[in-house]
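As structure tokens, the structure follows; a few thoughts come after it.
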Amino acid sequence: MIEIKNLTKTYGKKVKAVDDITLMVHSGKIFGFLGTNGAGKTTTIKLITGILEADSGSIGINGIDLKTESIHAKNNIGYVSDDADVFLRLKGIEYLNFMADIYGVDQATRKERIAVFSKRLDMDNALSDKIQSYSHGMRQKIVIMGALIHKPAVWILDEPLHGLDPKSAFVLKEMMREHVSDGNTVFFSTHVLEVAEKLCDMVSIVNKGRIQFTGNLDDLKAEQSRDGSLEALFLEMTKDEEIN
Ligand SMILES: Nc1ncnc2c1ncn2[C@@H]1O[C@H](COP(=O)(O)OP(=O)(O)OP(=O)(O)O)[C@@H](O)[C@H]1O
Ligand SMILES: [Mg+2]
């Protein structure tokens, strides 16, 4: 469960990237955070994962306050950033062991999880190579494996499907569904409406740091605009009103 209350973040003095966002993502749900480029998705995600500090507002992860119980809250999070270029000089297996060490995953458990993840994501033959030698998609997959090695209850993924081949994207979507069916939470951002439509139990559409809509896909479709497509509705909700 993720509980966000009145969250605001301004870069410098001017750019209000996140503007008074209030949002509740329940356990057992896949939540899609939709918005155009620059809408504030990554900034919101960096606030939820504690990478950035908010100007105001609060964030609860499974009932744990991110500000006052930061380490405890972060232990419940698995975060996949939009930048897969991490620890390029490490071998894949070294990176996974490093992440497992950070999160205190014992040897037997990590060995089993690494075996399962690498088989499912088709990475078993690449683990002894340096991340530097990986393709973009492979880097993304090693980051996903590292983020999930401690089996966090709450997954937070920034554009996780971007750059993955169809098979890997399918596997990741399957893993997301399995995760929520065990009563956990998945929060991910995307611009790809078809993905959101197929995968999400609930979505928010964000524009210029403000939430324009939150609800399930049926609620969203009930707001049908013009040709009735999700695309038309999205365009309607994210159009720039200041341009005449
Ligand atoms: N470090 C920064 N300093 C100043 N402004 C920033 C910084 N990072 C982001 N911004 C601005 O904040 C706003 C929100 O950016 P953010 O990266 O959160 O959007 P996004 O929805 O993730 O976009 P995208 O779909 O392109 O990833 C944008 O106007 C952006 O230019
Ligand atoms: Mg982003």
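The values are calculated or read from the model by the stated rules, or taken from the named source; none is laboratory data. This one's a predicted model, so the numbers in the text were calculated from it and none came from an experiment. Note: ideal-geometry Cβ built from the backbone for every residue, glycine included; neighbour counts use all protein chains shown.
Summary table
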quantity	calculated
Pick from the range 186-221, criterion charged (D, E, K, R) and free of Cβ contacts under 8 Å to residues at least 60 places away in the same chain, ranking: farthest from Tyr79 (Cα to Cα)	Lys221
Where Ser70 falls short, out of the listed (1) within 16 Å of ligand 1 (Cβ to nearest atom); (2) in the same structural domain as Ser181 (by TED's automatic domain parsing)	(1)
Any hit, the range 200-220, residues being in a helix (DSSP H, G or I) and either modelled with pLDDT of 95 or more or more than 27 Å from Glu174 (Cβ to Cβ) (or both)	no
Residue check, Asn62 at pLDDT below 95 and either under 26 Å from Asn216 (Cβ atoms) or of a type in the set (Lys, Arg) (or both)	no
Sole residue being acidic (Asp, Glu) and more than 18 Å from Met237 (Cα to Cα), chosen from Asp55, Asp20	Asp55
Criterion: under 25 Å from Leu217 (Cβ atoms), small (Gly, Ala, Ser), touching a helix residue (DSSP H, G or I) at 6+ places or on another chain (Cβ under 9 Å) and modelled with pLDDT of 95 or more - qualifying residue of Gly32, Gly92	Gly32
Tally of residues being more than 16 Å from ligand 2 (Cβ to nearest atom), hydrophobic (A, V, I, L, M, F, W, C) and assigned to a loop (DSSP other than H, G, I, E, B) across the range 71-114	5
When residues of the range 12-24 are limited to those that are over 13 Å from Ala39 (Cβ atoms) and touching a residue at least 24 places away in the same chain (Cβ under 8 Å), the one nearest to ligand 2 (Cβ to nearest atom)	Leu23
Number of the exception - Trp155 against (1) over 13 Å from the mean Cα position of the chain (by Cα); (2) surrounded by 20 or more Cβ atoms within 10 Å (Cβ to Cβ); (3) more than 16 Å from ligand 2 (Cβ to nearest atom)	(1)
Per-region count, the range 33-52, residues surrounded by fewer than 23 Cβ atoms within 10 Å (Cβ to Cβ) and more than 8 Å from ligand 1 (Cβ to nearest atom)	4
The range 128-152: number of residues that are buried (at least 18 other Cβ atoms within 10 Å of the Cβ) and either in a loop (DSSP other than H, G, I, E, B) or not assigned by TED's automatic domain parsing to the domain that holds Leu90 (or both)	4
Qualifying residue in the range 97-112 (condition: within 16 Å of ligand 1 (Cβ to nearest atom), on the phi < 0 side of the Ramachandran plot and surrounded by 16 or more Cβ atoms within 10 Å (Cβ to Cβ))	no
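Per-residue answers, yes or no, for (1) assigned by TED's automatic domain parsing to the domain that holds Gly104; (2) under 15 Å from the mean Cα position of the chain (by Cα); (3) surrounded by fewer than 22 Cβ atoms within 10 Å (Cβ to Cβ); (4) within 16 Å of ligand 2 (Cβ to nearest atom):
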{"position": "His162", "(1), (2), (3), (4)": "no, yes, yes, yes"}
{"position": "Ser168", "(1), (2), (3), (4)": "no, no, yes, no"}
{"position": "Gly183", "(1), (2), (3), (4)": "no, no, yes, no"}
{"position": "Ser189", "(1), (2), (3), (4)": "no, yes, no, yes"}
{"position": "Glu197", "(1), (2), (3), (4)": "no, no, yes, no"}
{"position": "Met202", "(1), (2), (3), (4)": "no, yes, yes, no"}
{"position": "Asn207", "(1), (2), (3), (4)": "no, no, yes, yes"}
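Condition check ((1) within 18 Å of the chain's Cα centre (by Cα); (2) closer than 16 Å to Thr214 by Cβ) across all residues:
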position	(1), (2)
Glu3	yes, yes
Thr8	no, no
Val18	yes, yes
Ser58	no, no
Ile61	yes, no
Lys74	yes, no
Ile77	yes, no
Asp82	yes, no
